[in-house]
Structures are given as structure tokens and as C-alpha cells.
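Asks: The structure follows.
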Number of protein chains: 2
Amino acid sequence: MRAEGFGMEVVARDGLARVTRISTPHGVIPTPIFMPVATFGAVRAIGFEELAAAGAEILLSNTYHLHERPGEETVQALGGLHGFTGWHGPWLTDSGGFQIYSLTPLVKVTQEGVRFSSHLDGTKIFLRPEDVVDIQLSLGTDIMMVLDYFLPFPSSKARMKEAVKMTTLWARRSKERFLEKPARQQLWGISQGSVFWELRRQSIEDLLAIGFDGYALGGLGIGEPKAELMGTLEKADSLVPRDKPRYLMGMGYIEDILEAVDRGIDLFDCVLPTRNARNGTLFSSRGRIIIKNRKYARDKRPIDEGCACYTCRHFSRAYLRHLYEREEISSAVLNTIHNLHFYLDIFRKIRQSIALNSYREFKRQLLNQLKESEP
Amino acid sequence: MRAEGFGMEVVARDGLARVTRISTPHGVIPTPIFMPVATFGAVRAIGFEELAAAGAEILLSNTYHLHERPGEETVQALGGLHGFTGWHGPWLTDSGGFQIYSLTPLVKVTQEGVRFSSHLDGTKIFLRPEDVVDIQLSLGTDIMMVLDYFLPFPSSKARMKEAVKMTTLWARRSKERFLEKPARQQLWGISQGSVFWELRRQSIEDLLAIGFDGYALGGLGIGEPKAELMGTLEKADSLVPRDKPRYLMGMGYIEDILEAVDRGIDLFDCVLPTRNARNGTLFSSRGRIIIKNRKYARDKRPIDEGCACYTCRHFSRAYLRHLYEREEISSAVLNTIHNLHFYLDIFRKIRQSIALNSYREFKRQLLNQLKESEP
């Protein structure tokens with residue numbers, strides 16, 4: 001029953017960049033794709049209808065956060081993530097490894113699992129890799145991520161080696177647990193090892209030996225030199241079979257995304273467009289707009305004259321500046337609609353240019369445009 | 001040019017309650033009507049499309065607040081309130097009298113006008129009744145309110161007498177200024193006098209002698225006994241000509257609205273439904289729902305099973321509780337959509353029952369329903 005008909009199909013290639021279609025229990029998604037972040041089952045400041053209108057195809061939620069509130073039993077009782085939230089397209093849930101290590105005090109990692117205090121109320125929580133699989137099975141997410149062992153950058157090679165070992169051990173136990181329970185969901189592995197290629201390679205090879213439906217690169221985009229990051233992606237490309245999805249976790253700058261796509265990456269997620277929207281930083285095809293800037297006080301133009309989003313079709317920079325200054329909730333909503341539309345539109349163009357074998361040219365042009373000063 | 005074709009037509013009566021159609025430069029509105037509050041040109045946590053879907057026909061903004069930010073020159077330069085905000089239906093702007101006296105420190109009232117410090121940055125501001133007319137002409141609002149002199153409850157009869165005198169003086173100067181400037185907008189008067197009938201009557205008669213397109217009752221709903229308030233409305237009904245709109249300012253409880261409609265009131269505004277929405281207090285036809293209550297944690301029902309709003313058609317109490325607990329912006333948005341829909345729906349039913357000559361029966365049934373305990 002597992003994964004039948006839920007594979008990946010490569011439909012176009014341009015260098016290492018590729019367009020694929022990944023089948024999930026709740027629909028087929030095209031890649032390269034950006035997954036808006038819905039940590040608690042809702043993308044901040046935007047509803048599902050607006051997300052669909054912006055072109056969102058899959059949302060990302062968080063196993064650890066949902067385990068804390070409202071709890072996977074509650075989500076399951078209400079029809080899983082799809083029934084509970086009302087987003088009936090595909091869901092991917094991150095395992096929460098990153099959140100556990102970055103948000104919570106007093107984390108203690110043993111072979112058995114992770115012991116830590118809830119960042120919400122201090123409750124002691126113990127999560128084994130098996131628990132993380134069970135929680136995601138209860139949530140009913142389409143793409144489940146294994147629990148990984150995340151280290152900050154920089155970490156010593158010796159510590160990173162231990163983290164990779166633990167990540168492999170946990171990945172194996174996750175897979176075993178997954179196999180015990182018939183499910184139509186997919187389980188994806190996460191490699192660690194930072195930009196130590198020897199360790200990253202080991203981590204990826206370990207995951208390949210276990211066998212997953214998709215392969216994520218974790219622990220990147222947290223301060224390591226860009227050249228080393230990109231080198232890692234290139235080498236990883238030749239390691240992971242071409243018929244498997246590759247997901248670069250948490251990477252949000254358009255510039256990095258464009259380079260990563262050029263190195264064979266398929267999936268991305270980041271809070272950048274939504275968080276920036278709430279902070280009044282808006283993307284445009286000609287650079288970023290800090291909407292609180294006085295110069296927009298009487299600017300009748302939309303954020304981006306070439307943008308077809310609801311916000312750009314209806315509102316001026318002057319009005320958006322006014323809403324931001326007055327701390328109106330509509331400011332967060334309208335800005336989020338625009339920023340997500342902008343991101344998802346770039347991904348549409350990425351896919352199109354790959355299909356047309358003109359990805360490099362598209363990338364070059366967009367990188368130049370983004371370097372322009374504020375409009 | 002003034003007010004031609006912008007009168008009021010009474011289309012149905014049931015006792016003192018009536019259904020009317022008021023023509024404004026930006027459309028005809030039916031009454032009894034509820035005006036959602038858009039203090040700074042945006043209703044908190046809801047967009048114009050959702051407002052239209054909920055059945056909003058006219059929005060209320062605030063002269064004093066818009067004068068402070070972004071300033072009437074800016075609004076005018078961007079096409080007036082309609083062009084600036086994108087709400088192209090009718091706008092009513094309150095003069096800001098209430099806000100000046102309740103929000104700002106060190107208010108000094110002279111015959112000439114009001115001197116006070118901005119509640120935003122302490123800037124000294126001096127507003128004469130003429131300025132308030134000029135600002136609203138610049139804003140391009142459809143229904144302009146005169147500057148009135150608002151006193152808290154309780155105030156002595158002697159002080160209230162002075163307030164009524166000042167209100168009349170200012171109303172006359174407002175009208176004179178208005179007549180100097182050709183405009184298609186309407187100017188409405190505001191009576192004061194609290195529940196001292198002798199003073200309220202004087203105030204209304206003074207306004208009638210000056211002549212306005214509509215008559216508001218100000219300074220009510222701030223603590224005076226309900227019986228005295230309702231008595232005042234009844235007596236005011238026989239004073240104001242039947243072919244003029246009557247607006248009871250700032251009154252928001254459904255129970256009071258139902259009684260006021262029964263005493264000939266046509267227009268209402270209040271922040272209650274929107275503010276309550278953000279605080280997680282939701283209206284239903286069977287009483288209020290405090291959404292954070294634990295008992296809703298797994299409640300699959302919509303807020304109100306009989307409600308046709310977007311929120312009730314898509315989301316469970318359990319999910320709405322979760323969003324509220326997690327302080328998601330979507331919580332404010334979805335709750336506001338529901339509460340405003342609930343209010344506007346009651347007004348639709350008010351108009352319908354008056355047209356069917358069954359208003360009293362409708363009022364009795366709804367009052368009974370609202371007394372039920374939380375569902």
C-alpha cells in the first residue's frame with residue numbers, strides 16, 4: 001500500500017535544474033516549489049483562499065509545535081491536519097528537530113531521543129524518533145520528516161560527526177517504525193554534516209541505504225560560507241538518485257534559491273516572505289521596499305507595477321504605508337498576500353524557464369533586477 | 001448643486017420603526033443600518049471584499065484621526081477617502097468630538113474651538129468647527145458630521161446646558177462654512193443634552209432651525225439608565241421630521257439596537273463586533289461564545305450553525321480556538337468576518353421584519369434567543 005503511485009516524475013531538465021511532479025495523497029505538486037510556513041496549521045496573516053489564489057500548492061507545518069498545541073490527538077479527532085485546518089492540499093510537516101534545538105532550554109540528547117522543556121510552559125517533553133513518526137501519522141501529513149540532530153554553525157567536525165551518527169541511527173529507527181504502520185504517507189530523510197563534505201556524504205549515503213521517499217539537506221543556510229554551501233549542493237546532486245525529490249530546508253533568500261535550483265534542488269521553505277511582510281519589508285521585481293519610508297506617503301503606485309496580486313491590484317504604497325504606520329492588522333494581511341504572491345510567482349517562472357531551457361538566462365536577469373535600488 | 005437627489009425615502013413603517021433608503025454621492029444605503037468602524041480608513045482585521053461579502057453598505061471613519069494621520073491633504077491627493085482606501089461605497093466621518101474629549105490630554109474648549117494635544121505625539125492642535133467641515137470636504141466623505149461638544153456621564157445640568165449652547169453655536173458655524181463651499185456631500189447635525197429632556201429638546205430644535213441633512217443623537221450610551229435613554233429616543237422621534245435620517249451614535253449592543261429601532265432610529269455604529277472579535281468573543285444566535293474556553297477544544301461545530309459567513313462555512317470552533325490561543329492573525333480576521341456578518345445579518349432581518357410588519361415579533365424572539373446560555 002505504501003507509496004504506490006506516489007513517486008516523482010521528472011518532466012523537464014536544464015543543466016542540473018529540473019521540473020518535476022511529486023504525487024502525494026492530497027494532490028500532485030510541481031517543483032521547484034516554495035512551501036509557505038504554517039507552523040501551527042495557519043500561515044500567519046493569510047487565509048487558505050488567498051494562499052490558493054497566490055498559487056500555493058503545499059504548506060509546511062511543524063510536528064513539534066502541533067504536538068505541544070493543540071496535540072496530535074486533537075488534530076486527529078478533528079480529521080487530521082486537512083480536516084482540522086481546512087487546507088485540503090498537501091501538507092509537509094517538519095520533524096521539529098530545528099525548533100527543539102533552537103527554541104527550547106535545557107535540551108538533552110541521548111541515543112534514545114531528545115529530552116527538553118516546552119518553550120511554551122516548561123513542561124518536560126521526551127521525544128524519540130519513533131514518537132515523531134507516530135505524531136506525524138496521527139496528524140495525517142502527506143510528507144513526514146524524520147527527527148534529525150541539528151547543530152549550530154560553526155560546530156567542530158568531531159561534534160558534527162556525532163550528530164551525523166545520531167541522525168543516521170534515528171533515521172533508521174524512524175523508517176522501521178514507519179514500516180510497522182500501513183500508511184499512504186511518505187517519509188523523507190534529513191542529512192546533516194554542515195559543509196564538511198566527508199560527513200555530509202556519509203549522512204546522505206546512510207539515508208540512501210535506509211531508503212526514503214525524498215531527501216532533505218538540513219543544517220544549512222545558518223552562516224556557512226555561500227561557496228561551501230553551493231559546493232555541497234553540487235556534490236549532493238550527484239549522490240542522490242535523479243528520480244528522488246531534494247529539499248533544502250529553511251533557505252529563503254531568492255538569490256540563494258536561484259543558485260540552489262541550478263544545483264538540482266526541488267523544494268524550499270522559509271518564513272522570510274511572511275515575516276518580512278509583517279515587518280513592512282516588501283519584495284518587488286526591482287528591489288525591496290521598506291513601506292514605512294516617508295517617501296511612499298503619497299506614492300500612488302502599487303508595490304510592484306508588474307504584480308497581479310490582490311494587494312497590487314487594489315492598493316497604493318501610500319495606503320499600505322498608512323496601514324503599516326497605524327499598525328492595522330490589514331497591513332500584515334495585504335503585505336503577506338503580496339510577498340507570498342511574489343515568491344510563488346518567481347517559482348512559476350523558474351519552472352517555466354527550465355521547461356524552456358532558458359533557466360540560466362532567467363536567473364541572470366532576475367539576479368540583476370534584484371540588485372537594483374529601491375524603486 | 002447641494003443635496004439634490006440625495007434625500008431619504010421611507011419605504012416601510014412598523015410602529016415607529018421604519019425602513020428607508022438614503023441616497024449619497026456614492027450609493028444608496030438602506031436603513032436601519034449598521035456602519036462598521038474604520039477609524040483610520042480600514043476596519044480592523046477585515047478587508048473591503050470581506051466587508052462587502054458580509055453585507056456592509058457604508059463605513060464610518062474619523063475626521064480627527066485622519067486629520068492627524070495621514071492628514072487630509074494626503075488623503076485628498078490620493079483621491080479622497082474612496083480613492084485612498086479603495087472602499088468606493090459611501091463613507092460617513094464622525095467629527096472626532098468624542099475622540100478629542102476621551103483620548104486626548106489637556107483639552108481646552110473655547111467658543112472659538114477646541115485646543116488639545118495629539119494623543120499620538122503630543123503636538124498641539126486647534127480645531128474650529130469650520131476646520132472640521134473643511135477637513136471632511138477634503139476627505140470627500142459622503143456624510144459629514146459637525147463638531148459637537150461632548151460631556152461624560154454624569155455631568156451636571158448646568159454644564160450640560162453650556163455644552164448644548166456651544167454645540168448649537170458650532171453647528172451654526174459648521175453649516176455656514178458648508179454653505180460657502182459647493183459640495184455634493186451631506187452635513188448632519190449632532191444633538192447633545194444627555195437624558196435631560198429639556199436640554200436635548202433644545203439641542204434638537206436648535207439643529208432643526210439651522211437645518212441639516214440628518215440628525216444624530218450624541219453623548220448617549222455612556223452609562224445613563226436605559227429607561228431614560230429609551231424615553232429620550234421616543235421623545236426625539238416626535239421632534240425630528242419623519243423624512244430625515246436619525247443616527248444614534250456609538251450604540252452597539254444588539255439589545256439596545258433593537259429597542260432603538262423600535263423608537264425610530266435609522267443608523268448605528270460601534271466597535272463592539274470588531275473589538276469583541278479580536279478579543280475572542282463571538283456572537284451567535286444562541287448567545288455569546290468565549291472561544292478560548294476549553295470546552296471548544298474538540299468542538300467540530302461552526303460558531304453558529306445557522307450562519308452563512310465564510311468563517312462558519314469553513315472552520316470549526318476547535319480550529320478557531322487553536323488560532324486564538326496561538327495568537328494567529330487569522331484568528332482576528334476569521335472572528336471579525338463572523339461577528340460583522342452576524343451584526344449585518346440582524347440588520348437585514350430587522351429591515352425585512354419591518355417591511356413585513358412583524359418587527360415586534362422579530363424583536364421579541366431575538367431578545368429571547370440572545371438570553372440563552374452559551375451554546
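The values are calculated or read from the model by the stated rules, or taken from the named source; none is laboratory data. Computed from a predicted structure; not experimentally measured. Counting neighbours? That spans all protein chains shown, and the Cβs are built from the backbone with ideal geometry, glycine included.
Asks: Tell me which residues, restricted to the range B:146-170, are aromatic (Phe, Trp, Tyr) and surrounded by fewer than 17 Cβ atoms within 10 Å (Cβ to Cβ).
Replies: B:Phe153
Asks: Another question, if that's okay. Being more than 22 Å from B:Phe126 (Cβ to Cβ), surrounded by 24 or more Cβ atoms within 10 Å (Cβ to Cβ), within 12 Å of chain A (Cβ to nearest Cβ) and at pLDDT 95 or above is true for just one of B:Ala53, B:Ala45. Which residue is that?
Replies: B:Ala45
Asks: Suppose we filter A:Thr63, A:Thr24, A:Thr74, A:Thr39 for residues that are surrounded by 24 or more Cβ atoms within 10 Å (Cβ to Cβ) and of a type in the set (S, T, N, Q); which single one remains?
Replies: Only one candidate qualifies: A:Thr63.
Asks: Another question about this same structure. A:Pro90 versus (1) closer than 26 Å to A:Gly214 by Cα; (2) within 14 Å of chain B (Cβ to nearest Cβ): which is the lone unmet condition?
Replies: The number of the failed condition is (2).
Asks: Related question: Restricting to strands (runs of 3 or more DSSP E) lying wholly in the range B:82-161: which have 2 or more residues that are more than 22 Å from the chain's Cα centre (by Cα)?
Replies: Correct list: B:114-117, B:124-127.
Asks: Can you confirm whether the range B:355-373 contains a residue that is part of a helix (DSSP H, G or I), within 25 Å of the chain's Cα centre (by Cα), of a type in the set (Ser, Thr, Tyr) and at the interface with another protein chain (Cβ under 10 Å from one of its Cβ atoms)?
Replies: no
Asks: I would also like to ask the following. Tally time: how many residues in the range B:256-282 are outside any loop (DSSP other than H, G, I, E, B) and under 15 Å from B:Tyr343 (Cβ atoms)?
Replies: 17
Asks: Which is modelled with pLDDT under 95 and among the polar types (S, T, N, Q), of B:Asn293, B:Asn339, B:Asn368?
Replies: None of the others qualify; the one that does is B:Asn368.
Asks: Additional query: Looking at the structure I just gave you, is A:Thr168 outside any strand (DSSP E or B), among the hydroxyl-bearing types (Ser, Thr, Tyr), farther than 25 Å from A:Leu81 by Cα and in contact (Cβ under 8 Å) with a residue 24 or more places away in the chain?
Replies: Numbers: outside any strand (DSSP E or B): yes; among the hydroxyl-bearing types (Ser, Thr, Tyr): yes; farther than 25 Å from A:Leu81 by Cα: yes; in contact (Cβ under 8 Å) with a residue 24 or more places away in the chain: yes.
When the stated conditions are applied, A:Thr168 passes them.
Asks: Moving to a separate point now. I'd like to check something: does the range B:310-329 contain any residue that is crowded, with 20+ Cβ neighbours inside 10 Å, among the hydroxyl-bearing types (Ser, Thr, Tyr), assigned to a loop (DSSP other than H, G, I, E, B) and within 11 Å of chain A (Cβ to nearest Cβ)?
Replies: yes
Asks: Scan the range A:65-80 and tell me whether some residue there is away from every other protein chain (no Cβ under 14 Å) and closer than 30 Å to A:Met166 by Cβ.
Replies: Checked the range A:65-80: no residue is away from every other protein chain (no Cβ under 14 Å) and closer than 30 Å to A:Met166 by Cβ.
Asks: Suppose we filter B:Leu220, B:Leu147 for residues that are without any contact (Cβ under 8 Å) to a residue 60 or more places away in the chain, under 21 Å from B:Gly264 (Cβ atoms) and in contact with a Leu (Cβ under 8 Å, 6 or more places away or on another chain); which single one remains?
Replies: One residue alone meets the criteria, B:Leu220.
Asks: If the Cβ limit is 9 Å and pairs must be 6+ apart or interchain, which residue in the range B:267-282 that is farther than 13 Å from B:Asp256 by Cβ pairs with which residue that is part of a helix (DSSP H, G or I) and basic (Lys, Arg)?
Replies: Final answer for the pair search is B:Gly280/B:Arg321; B:Thr281/B:Arg275; B:Leu282/B:Arg317.
Asks: Let me ask something else. Given B:Gly280, B:Gly219, B:Gly264, B:Gly231, which one is among the small types (Gly, Ala, Ser) and out of contact with any strand residue (DSSP E or B) (no Cβ under 9 Å at 6 or more places or on another chain)?
Replies: Exactly one residue qualifies, and that residue is B:Gly231.
Asks: Taking the stated definitions as given, is A:Tyr343 in a helix (DSSP H, G or I), within 14 Å of chain B (Cβ to nearest Cβ) and either within 21 Å of B:Leu139 (Cα to Cα) or touching a strand residue (DSSP E or B) at 6+ places or on another chain (Cβ under 7 Å) (or both)?
Replies: Numbers: in a helix (DSSP H, G or I): yes; within 14 Å of chain B (Cβ to nearest Cβ): no; either within 21 Å of B:Leu139 (Cα to Cα) or touching a strand residue (DSSP E or B) at 6+ places or on another chain (Cβ under 7 Å) (or both): yes.
It is false that A:Tyr343 is in a helix (DSSP H, G or I), within 14 Å of chain B (Cβ to nearest Cβ) and either within 21 Å of B:Leu139 (Cα to Cα) or touching a strand residue (DSSP E or B) at 6+ places or on another chain (Cβ under 7 Å) (or both).
Asks: Could you say whether any residue in the range A:317-333 is out of contact with any helix residue (DSSP H, G or I) (no Cβ under 9 Å at 6 or more places or on another chain) and over 20 Å from B:Gly79 (Cα atoms)?
Replies: Yes, some residue in the range A:317-333 is out of contact with any helix residue (DSSP H, G or I) (no Cβ under 9 Å at 6 or more places or on another chain) and over 20 Å from B:Gly79 (Cα atoms).
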